[in-house]
Amino acid sequence: MMMVRKSKGLGERHQKILDFIASYQREYKHPPSIREIGEHCDISSTSVVNYYLDQLEKSGNIERDRKISRGVRLTGSSASPSGDMFRVPMVGVIQAGEPIHVPSSADFSSFTPEDSVEIAMSLMPAKEKGKELFALQVQGESMIDAMVNDGDIVILKPTQDARNGDMVAVWLSDRNETTLKFFFKEKDKFRLQPANPTMKPIYIDRNESLEIKGKVVMVIRKVERYN
């Protein structure tokens with residue numbers, strides 16, 4: 001997902017529209033529709049979306065062709081990432097039956113744009129800026145009540161420790177299983193709690209192997225495609 005450069009004088013809603021157009025174009029290879037822009041940016045009226053697009057056109061951030069559907073195109077200045085962007089390596093999918101490889105400090109710089117997620121620095125929590133992070137794509141619906149859906153991308157900081165309530169990626173070598181869950185320490189065991197009322201927690205005895213790989217610091221929502 002790509003977040004576009006912040007242009008001087010733009011409001012938060014304008015920037016959100018630009019970011020969505022950029023990320024949608026990158027994923028689907030064509031621009032979003034007016035309705036899709038409104039749904040993603042919480043704008044119920046298509047006329048209001050058009051109002052914002054008209055302003056972005058006047059400011060030179062986009063070009064529009066009103067004769068065709070999806071006739072919106074980012075200009076070069078908006079489409080190009082700037083210095084406030086950074087890349088997070090995508091190291092795999094979080095799913096059962098496959099261990100998570102977290103790169104060492106020396107490995108992080110070796111990831112290319114093709115296997116990385118590009119994020120605007122302004123969107124990151126302040127305490128995580130400048131730190132080494134990694135990304136995993138979520139497979140499954142165990143965390144849907146925590147607004148983490150199948151296909152979403154989670155950004156994590158490498159850590160082997162967690163506090164109660166942290167959302168973590170865990171490798172259970174005794175069970176040959178990896179999972180994304182809320183972490184809790186109990187009297188004689190660990191509890192890995194899903195955020196899905198149809199699923200039960202996983203209990204791990206203290207003598208079982210449990211390896212925390214990372215703590216979630218940010219979630220990038222999958223862009224849904226509407227026909």
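The values are calculated or read from the model by the stated rules, or taken from the named source; none is laboratory data. Small disclaimer: the values here were computed from a predicted structure and weren't measured. FYI the Cβ positions are ideal-geometry reconstructions off the backbone, even for glycines, and counts take in every protein chain you see.
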- Note on the structure: Within segment 132-147, residues being within 15 Å of the chain's Cα centre (by Cα) and either assigned to a strand (DSSP E or B) or over 18 Å from VAL91 (Cα atoms) (or both) number 9
- Query: Any chance segment 28-38 includes a residue that's farther than 30 Å from ASP115 by Cβ, surrounded by fewer than 14 Cβ atoms within 10 Å (Cβ to Cβ) and without any contact (Cβ under 8 Å) to a residue 40 or more places away in the chain?
  - Reply: no
- Kindly indicate the residue of segment 51-97 that is in contact with a His (Cβ under 7 Å, 6 or more places away or on another chain) and of a type in the set (A, V, I, L, M) and also modelled with the highest pLDDT among those meeting that condition. LEU56
- Query: Of the residues that sit in segment 1-18 and are under 12 Å from LEU74 (Cβ atoms) and at pLDDT 85 or above, which one is surrounded by the fewest Cβ atoms within 10 Å (Cβ to Cβ)?
  - Reply: LEU18
- Among strands (runs of 3 or more DSSP E) entirely within segment 157-227, at least 3 residues that are touching a residue at least 24 places away in the same chain (Cβ under 8 Å) and surrounded by 17 or more Cβ atoms within 10 Å (Cβ to Cβ) occur in 167-172, 177-185, 211-220
- Item | Selection from segment 39-70 of residues that are hydroxyl-bearing (Ser, Thr, Tyr) and in contact (Cβ under 8 Å) with a residue 12 or more places away in the chain | THR46, TYR52, SER59, SER69
- Of the conditions (1) part of a loop (DSSP other than H, G, I, E, B); (2) at pLDDT 85 or above; (3) not small (Gly, Ala, Ser), VAL48 clears all except one; give me its number. (1)
- Of the conditions (1) at pLDDT 90 or above; (2) under 18 Å from MET218 (Cβ atoms), ASN164 fails just one. Which one is it? (2)
- Would a scan of segment 101-108 turn up a residue that is within 24 Å of LYS16 (Cβ to Cβ), exposed (fewer than 15 other Cβ atoms within 10 Å of the Cβ) and modelled with pLDDT under 70? no
